[in-house]
1. Name the residue that is least open to solvent (accessible area, probe 1.4 Å), counting only residues in segment 19-41 that are assigned to a loop (DSSP other than H, G, I, E, B) and hydrophobic (A, V, I, L, M, F, W, C).
2. Output the residues belonging to segment 58-111 that are polar (S, T, N, Q), part of a loop (DSSP other than H, G, I, E, B) and modelled with pLDDT of 95 or more.
3. Among VAL88, VAL57, which is the only one that is open to solvent by 80 Å² or more (accessible area, probe 1.4 Å) and under 20 Å from GLY170 (Cβ atoms)?
4. In this structure, does GLU50 turn out to be within 18 Å of the chain's Cα centre (by Cα), open to solvent by 50 Å² or more (accessible area, probe 1.4 Å) and either among the aromatic types (Phe, Trp, Tyr) or at pLDDT 95 or above (or both)?
5. Pairs under 9 Å by beta carbon, first residue more than 19 Å from LEU147 (Cβ to Cβ) and open to solvent by 100 Å² or more (accessible area, probe 1.4 Å) in segment 175-193, partner modelled with pLDDT under 90 and of a type outside the set (D, E, K, R), six or more apart or different chains?
6. Criterion first (in a helix (DSSP H, G or I) and open to solvent by 50 Å² or more (accessible area, probe 1.4 Å)) does LYS115 satisfy it?
7. Mind checking which residues of segment 119-142 are buried (at least 19 other Cβ atoms within 10 Å of the Cβ) and part of a loop (DSSP other than H, G, I, E, B)?
8. Within segment 149-159, can one find any residue that is assigned to a helix (DSSP H, G or I), within 19 Å of ALA72 (Cβ to Cβ) and of a type in the set (A, V, I, L, M, F, W, C)?
Amino acid sequence: MRCVFVVVLTMMLAACGTVPRNTDNACAVFEQNDGLVNNWRRDAERVEREYGVPVPVLMATIYTESGYRHNAKPPRTKLFGFIPWKRVSSAYGYSQALDGTWDRYKKTTGRWMAKRSDFGDAIRFIGWYHHQSSLKNGIALNDTYRLYIAYHDGHAGYARGNWSGPAKTGAARASKMSSRYSKQLRNCGNSWW
């Protein structure tokens, strides 16, 4: 009996850090993470209800930010062109949230135990941040392009209007993926909408 418990626990823990095989298909992503404890679809739907951000927008943001890697970090800069040095930012996890923004989220929401490497916590952060973008910048909660710009460049950067090239590139990618995910989710085995 103890052996069965160890095997089941090992499988559950291994699933927590595994990147889905087909990240271009929202139905497949959810099917690969549909356990009792680790259920991405349930997490995404909960955030949609809580913050009003559609599931395809939430998932497209994670797709664009981290490619569903729980421990994603920006690349290191190189000292003298070849020695690995500091990272360009403190972004980390599924959401690629910066240290300061993540701390502000935890303080504002009271979610002190939230981790950027936990999918449920990360998607809830994204929903919260997009909701803040709607309140502060008047962005519609289904406008993936503009929500992503504000996510990448910050609320003040979005308001200034001089959006960075990487933000615009990422926003186009997220917007395209959100449209694709929306179509796919309408045709999943269990109807979403």
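1. Looking only at segment 19-41, we keep the residues that are assigned to a loop (DSSP other than H, G, I, E, B), and these are 19-25, 33, 35-38.
Within this subset, residues satisfying the condition of being hydrophobic (A, V, I, L, M, F, W, C) are 19, 36-37.
Numbers: VAL19: 59, LEU36: 164, VAL37: 112 Å².
Among those residues, the one meeting the criterion is VAL19.
2. Step one: of segment 58-111, the residues polar (S, T, N, Q) are 61, 64, 66, 71, 77, 89-90, 95-96, 101, 108-109.
Still in the running and part of a loop (DSSP other than H, G, I, E, B): 71, 89-90, 95-96.
Result: SER95, GLN96.
3. Values: VAL57 fails: open to solvent by 80 Å² or more (accessible area, probe 1.4 Å).
After ruling out the rest, the residue left standing is VAL88.
4. On the way: within 18 Å of the chain's Cα centre (by Cα): yes; open to solvent by 50 Å² or more (accessible area, probe 1.4 Å): yes; either among the aromatic types (Phe, Trp, Tyr) or at pLDDT 95 or above (or both): yes.
Judged against the criteria, GLU50 is a match.
5. As it stands, the answer is ARG186/TRP192; ARG186/TRP193, since those pairs meet every condition given.
6. Numbers: in a helix (DSSP H, G or I): no; open to solvent by 50 Å² or more (accessible area, probe 1.4 Å): yes.
Taking the combined requirement at face value, the residue does not satisfy it.
7. Listed by number, the list holds a single entry, ILE139.
8. Among the residues of segment 149-159, not one is assigned to a helix (DSSP H, G or I), within 19 Å of ALA72 (Cβ to Cβ) and of a type in the set (A, V, I, L, M, F, W, C), which makes the answer no.
The values are calculated or read from the model by the stated rules, or taken from the named source; none is laboratory data. Everything quoted here is computed from the prediction, not taken from an experiment. As a convention, Cβ positions derive from the backbone with ideal geometry for all residues, glycine included, and neighbour counts pool all protein chains shown. When the accessible area is computed, the model is the full protein with side chains, heavy atoms only, and any ligands, DNA or RNA have been set aside. Shrake-Rupley method; radii C 1.70, N 1.55, O 1.52, S 1.80 Å.
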